[in-house]
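Engineer: Once you've had a glance at the structure underneath, I'll fire off some questions.
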Amino acid sequence: MQQLINAIIKFRNVLVFSVLFLFSLLLTSKSSAYHREIFSKWSTGLGSWMHQSSSALGHYLNLAKDNQRLSEENELLLTELLQKKQTDDNQLIPYKVGVARVLRNSFMLEYNYLTINIGENHGIRPEMGVVSAKGIVGVVRHTTSRYAQVMSVLNKDLQVNAKLQKSNHFGSLKWTGENPKELKLDDVPNTAPIKVGDTVITGGMSTIFPAGIPIGIVQNYSQKPLTNFYEINVAMFQDMTNLGVIYVIENPDRIEINSLQNLSNE
Amino acid sequence: MFALFAGLVLAQSLLFDRLLIAQQYVPYISLLFIVLYPTDLRQTMFLVVAFLYGLSIDLLSVSGGIHAGACLSAAFLRPVVLRSVFGISSDYSAVKFSKIPLVQWFIYCLLVVMTHHLVLFGLSDFSMNRWVWVLQQTILNGLLTAVVISVFMFLFVSKK
C-alpha cells in the first residue's frame, strides 16, 4: 500500500497530465459536429475490431439456423428475380446489392446503431440503404475500410418514406423509441382506405431504398386529433432483435439525383 | 501572475486571434504565460494552472478543449525543455528569465511553442489524414510565435 502511494506521489505529474488531457479530448470531441463525427468513426473502427472475434463464435453456433435462413432468402430472391423478369420495365433504377453480416446490434437505446462486416473496401459508402430478407434494417452512417456503422430503423433520427401497398398513400415512418417491433407511420391522409392488416412498403421517394420493399403490417390506427392525418402503428416483419445476414443496396444514380434536388432547393 | 493570466487570455482572444499574417498565421502571444511561469513553483500546480489557462482561451474562442490540451502538454514537457536548454541545475533553482542570452531564450521559446502547436493543430485536425498540414502549421506558426514572444521578452522583461 505504502509503495502504491509512493508510486502515485512519484508519478503524480504524469497522472495529472493524463487525466486533464483526457478531459480536454472529451471537451474537444463534444465541441463541434466535425470532431464528433471523427470520434464516432474511430470508435466504430475500434469497437468493430473487438466485436469481430466475439461474434465469430456466435456464427459457428448459429450455423444451422443461418443455413435455414439463407435458403429462405435464396428462395425469396429467386421469386423476386422471376417477378422482376416479368415487370422489368417498372424498375427504372439499377440498384446494386452487397451481402454483409451483422457484428453488433443494439435495440435497447433510443438511438440504435449496428455494425456490419463490410466497409469502404467493398464499396460501401454512407447513406446506402440496408435491408434483410424480411424488410428494411437501416441506413449506412459511417464507414471505415473494413466495417460500416448502420443507423438502425430503431433510431429516432431516421425517417423512412413509406406507403400503403394497396392504396399507394405515402407517409413517413419513424420509431417512437419504445417497442422494438413497432414503428409509427405518420402523415397518411385520412382519405386513404385503411384496414388493420394492410401491408406497408417503402415508398421509393428517397434515393436510399427502392420502392416496394416490405416493412410490416398495420397493427392499429387512429385519427390524429385536429388534423386530417392518420396515426398508424406498424408491426415490423423483420425482428430487429435477431439479425443475421443483411444486404446493403446502392443506387448508382444517388449522387446525381441528390445534386439535382439540392440544386432545386437553393 | 494573475494579471498576466487574465491579460494574456483577453489579449489573445480579442486581439491576436484576429491578427492574421499572410491570411493564415496567428501569433499565439498567450504562450508567454506558459513560457514565463516561474520555474521554482510546483510542477503539479503548473499543470493544473496551464490547463485552466488553456480552457479559458477555449471558452472565449469556442474551440472545445484544444487549447487546454495544448497548453497542458506544453506545461508537461517544459521541465524537459528547461533541462536541455539551461542545463541540469535549473531543476532546483529558479531560472531568471530576465538574465539569459537572447539565443538561449529563443531556443527555449521555440521548443515550448512547438510542443504546444503540435498538440493544438493535431487536436484541431483530429485525424492522421492531414498530417502534412499539421506539420506545416506547427512549424510556420511556431516560428512566428517564437519570434513574437522573443521580441516581447526583449522589449519588456529583459529591461528590468
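The values are calculated or read from the model by the stated rules, or taken from the named source; none is laboratory data. Being a predicted model, the structure only gives us computed values, none of them experimental. All Cβ positions, glycine included, derive from the backbone under ideal geometry; neighbour counts span all protein chains shown.
Engineer: Check A:Met108, A:Met151, A:Met128 and return the single one that is at pLDDT 90 or above and out of contact with any His (no Cβ under 7 Å at 6 or more places or on another chain).
Structural biologist: Answer to the selection: A:Met151.
To keep it simple, each residue is scored yes or no on (1) more than 16 Å from the chain's Cα centre (by Cα); (2) closer than 21 Å to A:Leu26 by Cα.
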position	(1), (2)
B:Ser63	yes, yes
B:Lys96	yes, no
B:Pro101	yes, no
B:Thr145	no, no
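Engineer: Using the structure shown, decide if B:Asp17 is modelled with pLDDT under 80 and among the acidic types (Asp, Glu).
Structural biologist: Answer is yes for this residue.
Engineer: To continue, here is another question. Grab the strands (runs of 3 or more DSSP E) fully contained in the range A:150-234, keeping just those with 1 or more residues being farther than 21 Å from A:Glu80 by Cβ and over 23 Å from the mean Cα position of the chain (by Cα).
Structural biologist: A:182-189, A:214-223
Engineer: From the list A:Leu70, A:Leu22, A:Leu26, A:Leu78, which residue is modelled with pLDDT under 75, closer than 29 Å to A:Tyr147 by Cα and not assigned by TED's automatic domain parsing to the domain that holds A:Asn117?
Structural biologist: A:Leu78
Engineer: Then there's this: Restricting to the range A:239-266, count the residues that are surrounded by 17 or more Cβ atoms within 10 Å (Cβ to Cβ), at pLDDT 80 or above and more than 17 Å from A:Thr115 (Cα to Cα).
Structural biologist: So the answer is 1.
Engineer: Going by the conditions given, is B:Ser98 of a type in the set (S, T, N, Q) and crowded, with 24+ Cβ neighbours inside 10 Å?
Structural biologist: Answer is no for this residue.
Engineer: Moving on. Taking the stated definitions as given, is A:Arg104 assigned to a loop (DSSP other than H, G, I, E, B), in contact (Cβ under 8 Å) with a residue 40 or more places away in the chain and either in contact with a Cys (Cβ under 8 Å, 6 or more places away or on another chain) or over 14 Å from A:Ile208 (Cα atoms) (or both)?
Structural biologist: no
Engineer: Would you call A:Gln238 closer than 13 Å to A:Gly138 by Cα, of a type in the set (S, T, N, Q) and touching a residue at least 12 places away in the same chain (Cβ under 8 Å)?
Structural biologist: yes
Engineer: Next question. Report yes if B:Val80 is within 14 Å of chain A (Cβ to nearest Cβ), modelled with pLDDT of 90 or more and surrounded by fewer than 20 Cβ atoms within 10 Å (Cβ to Cβ), otherwise no.
Structural biologist: no
Engineer: Next question, about the same structure. Would you call B:Thr145 at pLDDT 85 or above, among the β-branched types (Val, Ile, Thr) and touching a Pro at 6+ places or on another chain (Cβ under 9 Å)?
Structural biologist: yes
Engineer: Of the numbered conditions (1) of a type outside the set (Asp, Glu); (2) assigned to a loop (DSSP other than H, G, I, E, B); (3) out of contact with any helix residue (DSSP H, G or I) (no Cβ under 6 Å at 6 or more places or on another chain), A:Ala133 satisfies every one except a single condition; which is it?
Structural biologist: Failed condition: (3).
Engineer: Something else now. Select from the range A:169-225 the residues that are in contact with a Phe, Trp or Tyr (Cβ under 9 Å, 6 or more places away or on another chain) and small (Gly, Ala, Ser) and list them in ascending order.
Structural biologist: Hits for the range A:169-225 are A:Gly171, A:Gly177, A:Ala192, A:Gly203, A:Gly216, A:Ser222.
Engineer: Name the residue that is nearest to the other protein chains (Cβ to nearest Cβ), counting only residues in the range A:15-48 that are without any contact (Cβ under 8 Å) to a residue 24 or more places away in the chain and over 21 Å from B:Leu120 (Cβ atoms).
Structural biologist: So the residue we want is A:Leu15.
Engineer: Which one of these is of a type in the set (A, V, I, L, M) and buried (at least 22 other Cβ atoms within 10 Å of the Cβ): A:Val130, A:Val99?
Structural biologist: Testing whether each residue is of a type in the set (A, V, I, L, M) and buried (at least 22 other Cβ atoms within 10 Å of the Cβ) leaves just A:Val130.
Engineer: Among the residues of the range A:144-157, how many are surrounded by 21 or more Cβ atoms within 10 Å (Cβ to Cβ) and not polar (S, T, N, Q)?
Structural biologist: Result for the range A:144-157: 6.
Engineer: OK, next. So which residues in the range B:107-126 are assigned to a helix (DSSP H, G or I) and free of Cβ contacts under 8 Å to residues at least 12 places away in the same chain?
Structural biologist: Matches in the range B:107-126: B:Asp125 only.
Engineer: Among the residues of the range A:1-13, which ones are loosely packed, with under 15 Cβ neighbours inside 10 Å and within 8 Å of another protein chain (Cβ to nearest Cβ)?
Structural biologist: A:Arg12
Engineer: Within the range B:26-40, how many residues turn out to be under 13 Å from the mean Cα position of the chain (by Cα) and either under 18 Å from B:Ser73 (Cβ atoms) or not hydrophobic (A, V, I, L, M, F, W, C) (or both)?
Structural biologist: Result for the range B:26-40: 10.
Engineer: Six or more apart or on different chains, Cβ under 6 Å: which pairs go from a residue in the range B:52-65 that's under 15 Å from B:Tyr28 (Cβ atoms) and within 9 Å of another protein chain (Cβ to nearest Cβ) to one that's part of a helix (DSSP H, G or I) and of a type outside the set (Lys, Arg)? Could you list them?
Structural biologist: As it stands, the answer is B:Gly54/B:His67; B:Gly54/B:Ala68; B:Gly54/B:Cys71; B:Asp58/B:His67; B:Asp58/B:Ala68, since those pairs meet every condition given.
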